[in-house]
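Here is the structure we will look at.
The values are calculated or read from the model by the stated rules, or taken from the named source; none is laboratory data. As the structure is a computational prediction, the values presented were derived from the model and not from experiment. Glycine also receives a Cβ, built like all others from the backbone with ideal geometry; neighbour counts cover every protein chain displayed. Calculation scope for accessible area: heavy atoms of the full protein, side chains included, ligands and nucleic acids excluded. Shrake-Rupley method; radii C 1.70, N 1.55, O 1.52, S 1.80 Å.
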Amino acid sequence: MSDQLKVPTMEQFMAEGKQPEVLFWVGSAGSFDDRAKKITKAFVKILNKANVNFAVLGTEESCTGDIAKRAGNEFLFQMQAVMNIEVLNGYKIKKIVTCDPHSYNCLKNEYPGLGGIYEVIHHTQFIQELIKTGRLKMEGNVFNGKRITFHDPCYLGRANNEYDAPRALLNTIKADVVEMKRSKNTALCCGAGGAQMFKEPEKGDKDINVLRTEDALKTNPNIIATGCPYCNTMMTDGVKSKEKEDSVAVMDIAELIAESEDL
């Protein structure tokens, strides 16, 4: 699959004396987690299809430091952030797109204070822009009539007030979008944010991801759509705990768009 995908690095652009239209920030999950890698590949297929002149940092990309910061290690966060900012500024990067709302929030809201000022876009916003400008034509109808519910990522929704782009994309694939009772600014966290992904749950009678999956299953969906690799993991685990993995899929919006257009 990877041999069909064009993924140039900033180093290659620099060697040719060129600047990409946008830098794709892959993020830790999208680079290392096997499930999240599929989201990365789906998004790259969309970028290739729309002829977007993009680049990645490749081995020069490090973790944004979001997880260290949320876990209380401000020192480690600043070390990671400053290192990334030096690389980004060295390449004169102006515009960044990412599939990870944690990276999105961190790059957009926390890097400026350390000297990293960029236009930062979530992949759902970027894909919506590609469709609006006619660079990506949506013609597929494999999801026509499928019931899809969208789980709002905390760092995209409540933290950055973006609720419309993901839903607009679900409408372009002709899906039947059904809202959970808790959605948009009242949406419940998947349970992974704030570095909770990497620790054991605290005492209680139910894990947050199971509670959130119950919200989703009440809409009787064929697919639970996500816009974040961490949400994807938590909702997938929730669906498994309810033994519904045969009837309910968990997919990132980039995957839905790519599959809709048979990319």
Practice task
Tell me, please, whether a residue that is at pLDDT 90 or above, more than 19 Å from the chain's Cα centre (by Cα), surrounded by fewer than 19 Cβ atoms within 10 Å (Cβ to Cβ) and not β-branched (V, I, T) can be found in segment 197-205.
Solution key: no
Completion exercise
Across (1) open to solvent by less than 20 Å² (accessible area, probe 1.4 Å); (2) out of contact with any Phe, Trp or Tyr (no Cβ under 9 Å at 6 or more places or on another chain), A165 clears everything bar (2)
Fill in the blank from the handout: Requiring at least 3 residues that are at pLDDT 95 or above, crowded, with 22+ Cβ neighbours inside 10 Å and in the same structural domain as I93 (by TED's automatic domain parsing), the helices (runs of 4 or more DSSP H) wholly within segment 1-52 are 34-49
Completion exercise
Filtering segment 79-104 for residues that are closer than 20 Å to P229 by Cα and buried (at least 23 other Cβ atoms within 10 Å of the Cβ) leaves a count of 8
Handout entry: Meets criteria (within 20 Å of the chain's Cα centre (by Cα) and either open to solvent by less than 30 Å² (accessible area, probe 1.4 Å) or not assigned by TED's automatic domain parsing to the domain that holds H102 (or both)) for N222
Key = no
Handout entry: Any hit, segment 59-67, residues being in contact (Cβ under 8 Å) with a residue 60 or more places away in the chain and either touching a Leu at 6+ places or on another chain (Cβ under 8 Å) or open to solvent by 10 Å² or more (accessible area, probe 1.4 Å) (or both)
Key = yes
Problem - Cβ-Cβ under 9 Å pairs, at least 6 apart or on other chains, segment 177-200 side more than 24 Å from I67 (Cβ to Cβ), far side part of a loop (DSSP other than H, G, I, E, B) and among the aromatic types (F, W, Y) - result: S183/Y163; K184/Y163; N185/Y163
